[in-house]
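So the structure is just underneath, and the comments pick up after that.
The values are calculated or read from the model by the stated rules, or taken from the named source; none is laboratory data. Please read all numbers here as calculations on a predicted model, not as lab measurements. Note: ideal-geometry Cβ built from the backbone for every residue, glycine included; neighbour counts use all protein chains shown. These accessible areas exclude ligands, DNA and RNA; they are computed on the full protein's heavy atoms, side chains included. Shrake-Rupley method; radii C 1.70, N 1.55, O 1.52, S 1.80 Å.
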Protein chains: 2
Amino acid sequence: MKKLVVGLVQHKAGESMEANTDKNMEGIREAARRGAGLVVMPELHRSRYFCQSEDARFFDWAEAVPGPSTERFGRLAKDMGAVLVISLFEKRATGLYHNTAVVLDRTGEVAGTYRKMHIPDDPQYYEKYYFAPGDSQFRPIATSVGKLGVMVCWDQWYPEPARLSALHGADVLVYPSAIGWEPADEAGEKERQIDSWVTVQRGHAIANGIPVMAANRVGFEPNPLGGSEGIDFWGSSFVAGCQGEIISRAASDREEIVMAELDLGASERVRRVWPFLRDRRIDAYTDLVRRYGGQ
Amino acid sequence: MKKLVVGLVQHKAGESMEANTDKNMEGIREAARRGAGLVVMPELHRSRYFCQSEDARFFDWAEAVPGPSTERFGRLAKDMGAVLVISLFEKRATGLYHNTAVVLDRTGEVAGTYRKMHIPDDPQYYEKYYFAPGDSQFRPIATSVGKLGVMVCWDQWYPEPARLSALHGADVLVYPSAIGWEPADEAGEKERQIDSWVTVQRGHAIANGIPVMAANRVGFEPNPLGGSEGIDFWGSSFVAGCQGEIISRAASDREEIVMAELDLGASERVRRVWPFLRDRRIDAYTDLVRRYGGQ
């Protein structure tokens, strides 16, 4: 049975990007030491989640891709012999920024990038201000451990990109994330939210017969400009197999390195027994490319 | 808070279609007496699940729609003042059969029909032999209790029809089902299968912000022609709310009338907080209408 050990780094982010990055790298080293051939980081892991407010000063935090971070994490990928999925605030051009995942192969080279396609804009998640919608499409990134269907956070609520990734050959779905609770929400609502976040992604694994990995940040971060209560990031990073079964899941309240062993033959077996791809009614799906109804 | 009480009739099917139908109707009466304004039946509830084998004799069991069953269940719908979703083996023309769900409004009239679009064909589920693929598209059926996004069984594994139903205005997703275990499967595999069945449908509720109702048959049915072990239908009919939360779920081993109260204002609230429909990247979904890759 061919196996791939994978790791998710679930970290808190402090105010110092340099200290965060050092901690990120130490988390990656630990996952790799424990055998991970693929390590996934949370969304925008080098900084606090600045999208809680709209402020042009935060554009100073953006960087070129490829650039200093891909070089630094690339060296680490090579040192550890592991494929890394990192998440950067990309400055593509003056006035043009993206929320970008980068896949570094174990050679240290950039295997591919993915610019977040579905951009949220909700109280405390003002991402439409910071990030232009990606023009990456949903094309898995080929690496030495398989084809990674890399998406980012808000994408994870959508069945379409997961399906498109699978139809383009993804072996696994990968979601760097930054999602949490409003501290004032009542307990039942918090439970429904976190459960729906896990469940909808498990659904993508099931519908497509491939595993899913979601790495989330954890811990409370105040709104840097005030004006709201801040976000209590709910952690719960997880790996699910290609029947949606949870293989590993982190706690919601502490830093963790989540390790899991993926059975690389499972998709072949599961898709034979549950041949969903065979029966798609592509003649009847046209309205999926419309906003609503038949218009 | 506007509420709708709904019911699912989880029944075993015996050899007599007449006795099954009587029991179906008694189940509907009970659900309606307990307050249900909408009652959903399992797939092909009037008979045993004959698709375990391919045999032309079973075409004798098919009937016209509208026809004797829509008339009989229509009268019941009117008597009980409830909307019914029933599931029939339809003879549309000589040599042309469908697996058809019929929605009967509380007036007793046919509100609409849905001919199963995704047809499975797997050992013990030889449906491609019996049923022509439906040409219904995915258009919710308007009733006095709301617009019902009616699909049937195998459809439930696909995110596309659920999404299309939502984009065409469905207030709730409804799945008559007939699914079970191979008796010889080991316990872990059985658990993964039933959990994936519930989870992928909860995922549809979450991704679309509307409730889902799945009515399944229950109990062991031998293969009528022998040659296989039969199917142990796993019941577990359930109702989930528009955050995917389970409201009611039946056991996997006995007949039950599953009752649930749907909060008809929940979708409005949930879709405001989780505005997935706003951010769909319809410019990037074109390959969803292709079989695989970009071809």
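In table form, for the structure just shown:
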{"item": "So A:Gln201, is it free of Cβ contacts under 8 Å to residues at least 40 places away in the same chain, under 25 Å from B:Ser165 (Cα atoms) and either facing chain B (nearest Cβ under 9 Å) or crowded, with 24+ Cβ neighbours inside 10 Å (or both)", "result": "no"}
{"item": "From B:Asp279, B:Asp287, residue being within 14 Å of chain A (Cβ to nearest Cβ), among the charged types (D, E, K, R) and surrounded by 21 or more Cβ atoms within 10 Å (Cβ to Cβ)", "result": "B:Asp287"}
{"item": "Condition broken by B:His168, with the remaining ones in (1) facing another protein chain (nearest Cβ under 9 Å); (2) open to solvent by 20 Å² or more (accessible area, probe 1.4 Å); (3) under 22 Å from B:Glu90 (Cα atoms); (4) of a type outside the set (Gly, Ala, Ser) satisfied", "result": "(3)"}
{"item": "Residue check, B:Glu221 free of Cβ contacts under 8 Å to residues at least 60 places away in the same chain and away from chain A (no Cβ under 13 Å)", "result": "no"}
{"item": "Residue within the range A:233-241 that is in contact with a strand residue (DSSP E or B) (Cβ under 6 Å, 6 or more places away or on another chain) and open to solvent by 40 Å² or more (accessible area, probe 1.4 Å) present", "result": "no"}
{"item": "Only listed residue being at negative phi and modelled with pLDDT under 95, chosen from A:Gln243, A:Gln201, A:Gln295", "result": "A:Gln295"}
{"item": "Lone unmet requirement of (1) open to solvent by 30 Å² or more (accessible area, probe 1.4 Å); (2) free of Cβ contacts under 8 Å to residues at least 12 places away in the same chain; (3) within 13 Å of chain B (Cβ to nearest Cβ) for A:Glu186", "result": "(3)"}
{"item": "Residue count, the range A:242-276 (criterion: open to solvent by 20 Å² or more (accessible area, probe 1.4 Å), under 18 Å from the mean Cα position of the chain (by Cα) and within 13 Å of another protein chain (Cβ to nearest Cβ))", "result": "2"}
{"item": "Single unsatisfied condition, A:Ile86 versus (1) open to solvent by 10 Å² or more (accessible area, probe 1.4 Å); (2) among the hydrophobic types (A, V, I, L, M, F, W, C); (3) assigned to a strand (DSSP E or B)", "result": "(1)"}
{"item": "Failed item in (1) open to solvent by less than 20 Å² (accessible area, probe 1.4 Å); (2) out of contact with any Asp or Glu (no Cβ under 9 Å at 6 or more places or on another chain); (3) under 30 Å from A:Glu182 (Cβ atoms), with A:Leu104 passing the rest", "result": "(3)"}
{"item": "Residue within the range B:50-59 that is surrounded by fewer than 20 Cβ atoms within 10 Å (Cβ to Cβ), modelled with pLDDT of 95 or more and more than 18 Å from B:Ile119 (Cβ to Cβ) present", "result": "yes"}
{"item": "Among (1) over 30 Å from A:Gly293 (Cα atoms); (2) open to solvent by less than 20 Å² (accessible area, probe 1.4 Å); (3) more than 14 Å from chain A (Cβ to nearest Cβ), the one test that B:Ala178 misses", "result": "(1)"}
{"item": "All positions within the range A:1-31 that are open to solvent by less than 40 Å² (accessible area, probe 1.4 Å), part of a helix (DSSP H, G or I) and either more than 23 Å from A:Met213 (Cα to Cα) or touching a Gly at 6+ places or on another chain (Cβ under 7 Å) (or both)", "result": "A:Asn20, A:Ala31"}
